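Before any comments, here is the structure.
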Amino acid sequence: MADLTPREIVRELDRHIVGQEAAKRAVAIAIRNRWRRLQLPPELRKDIAPKNIIMIGPTGVGKTEIARRLAELVGAPFLKVEATKYTEVGYVGRDVESMIRDLVEIAAGMVRQQQRQLVETQARERVTERLLDLLLPQQSSTWEETEEASAGERRRRARERLRKRLEAGELDDRIVELHIEQKFVPVQIFSNLGMEQMDLDLQNMFERIMPRQAQQRQVTVREARKILMEQETDALIDRQVVAEKAVQLAENQGIIFIDEIDKICGPAATTGPDVSRQGVQRDLLPIVEGTTTQTRYGPVRTDHILFIAAGAFHVSKPSDLIPELQGRFPIRVELSDLTRDDFIRILTEPKHSLTKQYAELLSAEGVHIEFSADGIAAIADIAYRVNRSTQNIGARRLHTILERVLEEVSFQAPDVPDKQVLVDRDYVYRRLGDILKQEELSRYIL
């Protein structure tokens, strides 16, 4: 984090996302402020809350991608949720606190992966010993073998020879019999209260009293090595360390992206039993303000989790949120609609742009696709026109158009004799000409 200055964060985001400088600067400052907070004395650090962000803009302009790439860049646990999936207390559905439990699960997975890397060498040694035990089982000494020392020495030499063959991969196809114990999987036992909401001791009790299903399987040494590696790694990892680090990581580095927050704005329902939008906002408020949520890894404080909300706000506006919730999102950035030039940049500039993705996909069939400058300009022009005339779905329109343009060559790729395809302006309009004519006619007929 010390090397990730705001300018460097924006530069990294530019490699994947075109435009939207205001949003990139806002999230870069928010992430840098986290590092700055950790440099302060503990008594001051606890009073500094993150400045949450609301992104305002139509779909397909990069709101989710900015947050996702940001979390990936800094190695933070990241969770994307839709505000519309939550219901207020008293209705059947997911409660708002479940987003914190999901975030801690993601953090635990990240910590577990880090711990696996630390114990990988030790686990590999233990796996080798277990495989040698399976390949060279203990033999009872016969009456002829009166000298135990000589018998043990012969066995040690045989084991060392077998070890060298095993490490060289010569025994990977040999069949061994392995005892496999299935893991306990928590199940949802109530309508809207899952195992994650139950006390941790109660869940451990279920793990102890429920019988573990085990079976004997005959597998190759190659498969057995993977199974035993998983078992030995889990055995070496300290669960208490994982729980403590997961809670700490979620509390200090977690990022929650709340999409479609504009869908819970607006007036309350006037007729019929309906989930109140203001009710969802009221339930969301303590989570964003800072509260303690019980998880299977322990209590988690939400004071320093960074919340990034996003919405199109076509019908409503941010001021329609309840005032208390507005106050917890002090930073508001507006993302602009994508222009024709933006579409051209999206098709060419990102590290893994759409044109590069399609070219690499079809190269697996031996087909070489080249996009000319006028072909890319034609695709961008059509995407911009269709977004203006119909629903504006932003950069997602490029997926639709490219699929249509390359549909024929994708279908015939394994059998086509000509493996060279040039996607120029004529090729694009030849593939999309009929659709564009129907599009123009529908505007007048309807």
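Read-outs throughout are calculated quantities, based only on the coordinates presented, and are distinct from any laboratory measurement. Everything quoted here is computed from the prediction, not taken from an experiment. All Cβ positions, even for glycine, are placed from backbone atoms using ideal geometry, and neighbour counts span all protein chains on display.
At a Förster distance of 41 Å, what's the computed FRET efficiency of LYS317 paired with GLU244, Cβ-Cβ distance as r, to 0.05? It would help to have the intermediate numbers written out before the result.
Details: r = 42 Å, r/R0 = 1.04.
Using R0 = 41 Å, I get an efficiency of 0.45.
Relative contact order, percent, of the stretch 359-416 when contacts are C-alpha pairs under 8 Å separated by at least 6 residues?
Working: 23 pairs, mean separation 19.8, N = 58.
Relative contact order here is 34 percent.
Report, ordered by chain and residue number, the lysines lying within cross-link reach of LYS245, taken as a straight Cα distance under 21 Å and ignoring same-chain residues fewer than 8 apart.
LYS46
Listed highest first by mean packing, meaning other Cβ atoms within 10 Å per residue, what order do 245-255, 303-313 come in? Kindly include the intermediate steps, with their values, before the conclusion.
Working: 245-255: 21.6, 303-313: 23.2.
Peptide ranking by packing, descending: 303-313, 245-255.
Give me the extension gain from ASP381 to ILE29: residue separation times 0.36 nm, minus the current Cα-Cα distance, reported in nm with one decimal.
Working: separation 352, 0.36 × 352 = 126.72 nm, distance 3.44 nm.
Net length gain for the segment: 123.3 nm.
Where does each of 165-174, 316-325 land if you order them by average Cβ count within 10 Å, highest first? Mind dumping the intermediate values first?
Details: 165-174: 12.7, 316-325: 15.8.
The densest-packed peptide leads the list: 316-325, 165-174.
Quote the relative contact order of the stretch 305-436 in percent (integer), defining contacts as alpha-carbon pairs under 8 Å separated by 6+ residues. Present the calculation step by step, with values, prior to reporting the outcome.
Numbers: 98 pairs, mean separation 36.1, N = 132.
RCO, the stretch 305-436: 27 percent.
Can you compute the modelled spin-label distance between ARG301 and GLN420, with each label point 7 Å from Cα toward Cβ, in nm?
Here the modelled spin labels are 6.7 nm apart.
Sorting check: for 421-431, 154-164, which peptide has the highest mean count of neighbouring beta carbons within 10 Å, and how do the rest follow? Write down the numbers at each step before the final one.
On the way: 421-431: 16.8, 154-164: 12.3.
Output ranking for 421-431, 154-164: 421-431, 154-164.
Please give the FRET efficiency for GLN122 paired with ARG159, using the beta carbon to beta carbon distance and R0 = 22 Å, rounded to the nearest 0.05. Before the final figure, lay out each step's value.
Numbers: r = 19 Å, r/R0 = 0.89.
Approximately 0.65, to the nearest 0.05.
Taking 22 Å as R0, compute the FRET efficiency from the Cβ-Cβ separation of TYR429 and ASP337 and round it to 0.05.
Working: r = 24 Å, r/R0 = 1.10.
The formula returns an efficiency of 0.35 here.
Through the Karplus equation 6.51 cos²θ - 1.76 cosθ + 1.60, θ set to phi - 60°, convert the phi angles of the stretch 44-54 into ³J(HN,Hα) values in whole Hz; use x for Gly and Pro.
Taking θ as phi minus 60°, the curve returns 8, 4, 5, 8, 8, 9, x, 8, 5, 10, 10 Hz for the stretch 44-54.
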